[in-house]
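Note sheet for the following structure.
The values are calculated or read from the model by the stated rules, or taken from the named source; none is laboratory data. Just so we're clear, the structure is a prediction, and the values are computed from it rather than from any experiment. Every residue, glycine as well, gets a Cβ built from its backbone with ideal geometry; the counts of neighbours run over all protein chains shown. When the accessible area is computed, the model is the full protein with side chains, heavy atoms only, and any ligands, DNA or RNA have been set aside. Shrake-Rupley method; radii C 1.70, N 1.55, O 1.52, S 1.80 Å.
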Amino acid sequence: MRLRPLSWMNVPTAVLYGFLSLFVSILHNVFLLYYVDTFVSVYKIDKVSFWIGETVFLVWNSLNDPLFGWLSDRSFLSSQKSGAPISSPEVVLKRLRALMRNGPLFALSFLSFWVVWARPGIQFLICLCLYDGFLTVVDLNHNALLADLAVSEKDRTRLNFYCSLFSAFGSLSVFMSYAVWNKENLFRFRLFCVGLAAFSIVGFSICTWFLKQRFESEVKIKDEKASMLKELYVNQASNSQEEKLTFGEYLKQLSRHRNFVWFVSMNLVQVFHCHFNSNFFPLFLEHLLSDKISLSTGSFLLGVSYIAPHLNNLYFLSLCHRFGVYKVIRGMFYLKLLLSLIMLMAGADQVYLLCFFIASNRVFTEGTCKLLTLVITDLIDEDFVLNRRKQAASALVFGMVALVTKPGQTFAPLMGTWLLCVYTGFDIFQHDALHDIVLTKEVAEPNLAWRTAIRQGCFYLLVFIPITSAVLQLLAWSQFTLRGKRLQTIKSLRQSTAQESLQDIKAI
């Protein structure tokens with residue numbers, strides 16, 4: 001199976017697939033940067049409403065991934081093994097229809113944040129849940145396509161390459177937004193957001209339409225045999241009761257999937273570390289570097305942390321193609337451990353090394369997160385083979401991974417602030433996080449020892465969290481066996497199963 005260009009236009013399907021990442025990232029990066037500031041500083045939401053909204057959002061954010069994954073893929077989870085399988089192009093078309101519908105709705109939900117249309121507390125809760133709901137549907141179907149469009153490691157790496165490339169372009173919306181952001185007057189910022197949303201809507205519609213036409217034409221030309229098998233399957237289904245797996249039975253199957261269990265254990269730590277870096281990046285800059293670097297240098301480090309992971313991932317993907325995803329990720333864990341130990345021995349006074357470590361720690365950690373999508377697609381293949389499924393439950397596996405690992409998003413700020421408070425007595429929540437958590441001069445000057453303790457506490461957090469994370473991840477990753485000959489065997493079995501039903505129909 002090879003990635004081939006579209007027959008009627010000189011654009012490979014992998015490029016169109018990557019474009020979908022652009023239409024998500026240009027909106028999501030702006031959302032992450034401004035939604036809290038907008039509601040707190042502009043709409044003046046009260047603290048109780050804010051925390052209620054965030055709490056409800058936390059629950060919804062954790063549950064909607066497996067919920068939408070189950071609704072999307074439950075038709076594939078039949079315990080009956082006889083009959084013709086659901087064809088691969090039919091699955092791909094189902095994903096594309098979902099993206100065609102929900103992509104524009106995701107863009108419209110993004111716009112709902114920037115205009116006041118209800119009381120701040122109510123609008124905050126509704127906007128967050130709507131936005132995350134559509135974002136989840138888009139992400140699940142887009143990620144599932146990575147497993148459904150290709151099976152070989154080479155093809156999936158190419159698809160992921162274009163996703164990283166266009167996500168890097170999407171990060172530029174953050175830099176553009178600085179030119180129009182003004183808390184006192186949101187008019188220009190609102191126009192900017194409308195332009196981004198319009199671009200995203202048009203892009204989603206065009207790309208999904210082209211991909212949809214591609215697979216519909218493939219079906220018309222190549223699946224005459226598959227159509228006959230499907231008719232036989234439908235006739236057989238009408239005469240026999242097909243038993244569907246319940247969600248509980250599916251969970252039992254997943255709990256026996258050894259590699260899945262070890263992967264989510266490792267990924268939980270990875271999600272924790274990624275969000276820890278994001279949450280405490282301003283704090284580290286303020287207390288470790290603010291008096292040693294210029295404001296422009298701090299802004300540069302912050303900007304690099306947004307765009308560099310996507311660009312860095314392009315190189316990592318080339319390494320994955322040469323050495324395999326498992327070895328590259330293991331190497332990243334060893335690199336994280338080595339850099340952290342070097343930083344610990346060097347101490348907090350090495351300014352240039354500290355700048356490099358703070359930036360690289362976030363860049364390499366985010367880069368590892370992006371490579372894990374390829375591992376999940378391999379787990380989808382193994383789940384397909386081990387449980388003899390008619391069709392891979394791609395969206396559901398992605399949803400179950402998110403269910404187990406998303407608590408790491410909550411653990412990161414809770415554990416970080418708790419450790420900092422225990423060690424130094426410094427309570428981050430007593431300060432304005434929207435202004436980089438700056439200690440006022442009146443508080444800081446009388447107690448130099450306290451400032452030194454905070455600085456030392458931040459440094460220990462900066463180095464010991466990566467060290468602990470790397471050790472735990474290396475232990476879990478060493479138990480992961482879906483690599484080498486086993487991985488090739490799994491892929492061969494899945495490819496042979498797909499070819500039995502329809503030769504090369506899934507090629508992109």
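In table form, for the structure just shown:
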| read-out | value |
| --- | --- |
| Amide hydrogen neighbours beyond the local backbone of residue 11, cut-off 5 Å, H modeled | 6 |
| For the range 46-53, 3J(HN,Hα) per residue [Karplus equation, 6.51 cos²θ - 1.76 cosθ + 1.60, θ = phi - 60°, Hz, x = Gly/Pro] | 7, 4, 5, 4, 5, 6, 4, x |
| Accessible-area value, residue 28, 1.4 Å probe, nucleic acids and ligands omitted, Å² | 50 |
| Pairs beyond 31 Å (Cα-Cα), from 94/370; 252/406; 44/292 | 44/292 |
| Low-density loop cleavage sites - GluC sites (Glu not before Pro) in the range 150-223, where at most 14 other Cβ are within 10 Å (DSSP) | 184 |
| Full-extension gain in nm, residue 318 to residue 335, via 0.36 nm per residue minus C-alpha separation | 4.4 nm |
| With all protein chains modelled, accessible area of residue 54 [1.4 Å, Å²] | 40 |
| Normalised alpha carbon radius of gyration of the range 301-372 [divisor 2.2 N^0.38 Å] | 1.15 |
| Within-11-Å neighbourhood charge of residue 317 [Cβ basis; K, R +1; D, E -1] | +4 |
| Charge sum, other residues only, whose C-beta stays under 9 Å from residue 494's C-beta, Lys/Arg counted +1 and Asp/Glu -1 | -1 |
| Accessible area, probe 1.4 Å, largest first, for residues 325, 422 | 422, 325 |
